[in-house]
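This report concerns only the one structure given below.
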Amino acid sequence: MSKYNVLLTAPIYEEAINRIKTKADVHLVPKGIKEEEMIDLIKKINFDLFVVRVGKINSKVINSATNLKAIIKHGVGVDNIDIEEAKKQHIPVFYTPTANFESVAEHALALIMTLMKQVNRYDQELKVNKQWNQGKYQATELNGKTVGLIGLGRIGRRLTELLNPFRVKVLAYDPFLTKEPENIKLVQSLDRLLEESDVVSIHCPLTEQTEKLISTNELKKMKKSAYLINTARGAIIDQEALVKALESDEIAGAGLDTFPQEPLPTDCPLFNLNNIIITPHIAGTALESYMRMGEQVADIALKVLENRISEIPNENYFHQIS
């Protein structure tokens with residue numbers, strides 16, 4: 001029996017778990033556990049670390065762990081962790097921002113290309129309808145188009161690099177940037193980006209300011225021939241407004257990897273649309289990125305448990321103890 005205990009909210013890379021097990025007992029949260037049951041589990045086993053993939057780590061959950069030394073996010077988005085409560089309790093929050101940006105950027109590009117080439121629709125025609133109908137849908141080229149990025153962090157910048165061979169014009173809207181990166185035109189208003197872009201790809205975090213950032217008015221500003229891509233967080237888009245826009249061909253299509261409610265309910269109207277591609281929040285989980293996230297989590301966990309927290313790179317801190 002180890003002197004330390006680590007809670008995983010979902011499985012991570014097996015080798016990373018084995019490394020953590022050299023210093024701690026690792027406990028996996030049962031799938032579908034209710035908040036009250038999770039709090040009971042935490043009170044029963046006084047955890048030293050939370051490793052968070054899925055699930056809500058709210059104030060009640062944080063306060064139920066009286067020996068908590070740190071919270072580690074397996075990934076980038078920390079909107080499922082109550083950061084303010086962690087700050088209040090002087091608990092550092094770590095994450096792995098350099099682990100999966102390549103995978104997410106590649107997934108965004110895959111969604112763009114699949115939509116523009118109508119691959120999803122022709123695949124459906126052949127497999128489901130058995131129809132060899134070459135002229136039913138009109139494919140378009142990405143070459144020379146304008147791609148608008150909402151948010152220009154690691155993922156947005158890497159996507160820009162992947163887009164370079166297509167000779168696209170890249171616009172970016174990011175209120176936190178003042179210096180214009182090479183080969184990217186910063187625009188000062190979201191409206192301008194929406195109006196000028198043939199593809200709009202979302203790469204900003206979910207905050208109070210970005211929740212439903214793209215809703216009815218914003219969708220109306222987009223070109224009818226434009227595509228909307230979201231590999232960030234589902235609640236950045238007003239899903240009801242998007243469904244209406246897609247049903248009325250207000251925009252050409254959308255590619256979504258994240259949703260306001262996950263998993264999607266079986267009666268979700270997105271299932272009935274043929275001008276959309278949906279994937280189950282897997283953009284950042286390519287084998288290589290999954291391994292990197294796990295290894296970074298293990299690195300951080302071991303340093304915390306070995307009281308070597310000062311050796312953790314600054315890039316892995318989301319919130320330091322104040």
Q. Of all residues in the range 80-98, which are modelled with pLDDT of 95 or more and within 18 Å of Pro313 (Cα to Cα)?
A. Ile91, Pro92, Val93, Phe94, Tyr95, Thr96
Q) Tell me, which residue of the range 302-322 that is in contact (Cβ under 8 Å) with a residue 40 or more places away in the chain and part of a helix (DSSP H, G or I) is farthest from Gly55 (Cα to Cα)? A) Ile309
(Q) For the range 254-276, which positions are within 16 Å of the chain's Cα centre (by Cα), polar (S, T, N, Q) and open to solvent by 40 Å² or more (accessible area, probe 1.4 Å)? (A) Gln261
Q. Among the residues of the range 127-179, which ones are assigned to a strand (DSSP E or B) and polar (S, T, N, Q)?
A. Thr146
Q. Yes or no: Val119 farther than 21 Å from Phe101 by Cα and in contact with a Leu (Cβ under 6 Å, 6 or more places away or on another chain)?
A. no
Q: Could you run through the range 216-241 and say how many residues are within 21 Å of the chain's Cα centre (by Cα) and surrounded by fewer than 17 Cβ atoms within 10 Å (Cβ to Cβ)?
A: 1
Q: Find the residue count for the range 190-211, including only residues that are in contact with a strand residue (DSSP E or B) (Cβ under 7 Å, 6 or more places away or on another chain) and either more than 25 Å from Leu115 (Cα to Cα) or assigned to a loop (DSSP other than H, G, I, E, B) (or both).
A: 4
(Q) Go through (1) under 16 Å from the mean Cα position of the chain (by Cα); (2) closer than 23 Å to Ile83 by Cα; (3) not small (Gly, Ala, Ser) for Thr285 and report which single condition fails. (A) (2)
Q. Looking at this structure, is Pro181 open to solvent by less than 40 Å² (accessible area, probe 1.4 Å), at pLDDT below 95 and under 21 Å from Val147 (Cβ atoms)?
A. yes
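Evaluate the following for Val6: is it in contact with a Lys or Arg (Cβ under 9 Å, 6 or more places away or on another chain), of a type in the set (Val, Ile, Thr) and closer than 25 Å to Ile282 by Cα? Steps first, answer last, please.
Details: in contact with a Lys or Arg (Cβ under 9 Å, 6 or more places away or on another chain): yes; of a type in the set (Val, Ile, Thr): yes; closer than 25 Å to Ile282 by Cα: yes.
The answer is yes for Val6.
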Q. Is the range 307-322 home to any residue that is under 16 Å from the mean Cα position of the chain (by Cα) and open to solvent by 10 Å² or more (accessible area, probe 1.4 Å)?
A. yes
**Q.** Lys60 vs. criteria touching a residue at least 60 places away in the same chain (Cβ under 8 Å) and either aromatic (Phe, Trp, Tyr) or at negative phi (or both)
**A.** no
Q | Selection count where residues are open to solvent by 50 Å² or more (accessible area, probe 1.4 Å) and among the hydrophobic types (A, V, I, L, M, F, W, C), scope the range 114-160 | A | 4
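The values are calculated or read from the model by the stated rules, or taken from the named source; none is laboratory data. Computed from a prediction, not measured in an experiment: that's the story for all the values here. Methodologically, a virtual Cβ is constructed for each residue, glycine included, from the backbone with ideal geometry; neighbour enumeration extends over all protein chains shown. Protein only, heavy atoms only, side chains kept; ligands, DNA and RNA dropped before computing areas. Shrake-Rupley method; radii C 1.70, N 1.55, O 1.52, S 1.80 Å.
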